[in-house]
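Readers should treat all values here as calculations from the given coordinates under stated rules, not as data from a laboratory. As the structure is a computational prediction, the values presented were derived from the model and not from experiment. As a convention, Cβ positions derive from the backbone with ideal geometry for all residues, glycine included, and neighbour counts pool all protein chains shown.
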Amino acid sequence: MEYKIVYSRIKNIYIQIKDGEVIVKAPRRVSKKEIAKIVKEKEAWIKKTLEKSEKKENKEKLYTDEEFKVIVQDAANELIKETGLVPNKVRIRDIKYAWGSCSANKNITISYKLIRYSRQAIRYVILHELCHIKYMNHSKDFWNLVAKYMPNYKELKKEYK
């Protein structure tokens with residue numbers, strides 16, 4: 001199995017799957033032999049995670065680009081009216097690290113990857129980011145606010161797994 005080793009000033013070894021690549025982050029003191037042993041031990045998990053990642057990447061688009069823009073705009077407008085949480089901007093970008101984000105400036109970015117998911121799943125991500133306008137964390141208050149407007153959010157989150 002191929003993998004990339006990244007040595008840094010950390011205490012533990014971490015295995016990460018990013019864009020179909022296996023990355024092992026390790027403390028400088030750990031030998032390549034020791035890393036190889038750990039990778040071998042985690043081989044089943046790595047393969048399963050790579051397969052999952054590949055399925056997500058190859059999932060068909062459910063909408064055209066134009067339809068997706070309209071879905072995001074409409075859902076955002078509805079949820080803004082419903083919650084009273086108003087962002088400065090809502091935009092769609094090809095972000096790799098998350099399904100959405102909310103900046104300290106109250107700008108919401110929705111991942112283009114959501115074009116492969118249901119309208120309800122898209123609504124959930126938009127609501128999640130809108131709730132960050134009030135709570136810039138994942139505290140109990142934050143999750144209570146999400147649940148107030150979308151009681152079934154936990155079911156919708158499973159769609160991304």
Query raised in the report: How big is the convex hull of the Cα atoms of segment 4-58, per residue, in Å³?
Result: 68
Report summary line: The extension gain from Glu57 to Asp19, computed as 0.36 nm times the residue separation minus the Cα-Cα distance, is 12.8 nm
Requested in this report: Run the quick spin-label model on Lys106 and Arg119: label points 7 Å from Cα toward the beta carbon, then report their separation in nm to one decimal.
Outcome: 2.8
**Report entry** Kirkwood-type radius of segment 65-160, with distances r between different C-alpha atoms, in Å
**Finding:** 13.2
Report summary line: Note: probe point = Cα of Asn77 + 7 Å toward Cβ; backbone nitrogen < 20 Å; residues of segment 127-155 passing the test are 127-131
Requested in this report: Set the Förster distance to 30 Å, then compute FRET efficiency between Arg93 and Arg29 from the Cβ-Cβ distance, nearest 0.05.
Outcome: 0.15
Requested in this report: In debye, nearest 20, what is the charge dipole magnitude of segment 1-101 about its Cα centre with +1 on Lys and Arg Cβ and -1 on Asp and Glu Cβ, if you could check?
Outcome: 1040
Report task. Would you mind giving the average projected area, over all directions, of the Cα convex hull of segment 1-93 in nm² with one decimal? Result -> 9.5
Query raised in the report: Long-range amide H contacts for Leu62: which residues qualify at under 5 Å (H placed 1.01 Å from N, peptide plane, sequence gap of 5 or more or a different chain)?
Result: Arg116, Tyr117
Query raised in the report: Tell me, in nm to one decimal, what length is gained between Tyr149 and Ser8 on full extension, where the rule is 0.36 nm per residue of separation less the Cα-Cα distance?
Result: 46.5 nm
Query raised in the report: For segment 131-140, what does the Karplus curve 6.51 cos²θ - 1.76 cosθ + 1.60, with θ = phi - 60°, yield as ³J(HN,Hα) per residue in whole Hz, taken in order and with x for Gly and Pro?
Result: 5, 5, 4, 8, 10, 7, 7, 10, 6, 4
Requested in this report: Name the longest site-free stretch of the chain, where the excluded sites are GluC sites (Glu not before Pro) in a DSSP loop with no more than 16 other beta-carbon atoms within 10 Å.
Outcome: 61-161
Query raised in the report: Which whole-Hz ³J(HN,Hα) couplings does segment 44-57 yield from phi under the Karplus relation 6.51 cos²θ - 1.76 cosθ + 1.60, θ = phi - 60°, glycine and proline marked x?
Result: 4, 4, 4, 4, 4, 5, 5, 4, 4, 4, 5, 4, 4, 5
Report summary line: Residue-ordered couplings for segment 5-16, obtained by feeding phi - 60° into the Karplus form 6.51 cos²θ - 1.76 cosθ + 1.60 and rounding to whole Hz (Gly and Pro as x), are 9, 10, 8, 7, 7, 10, 9, 10, 9, 10, 10, 10
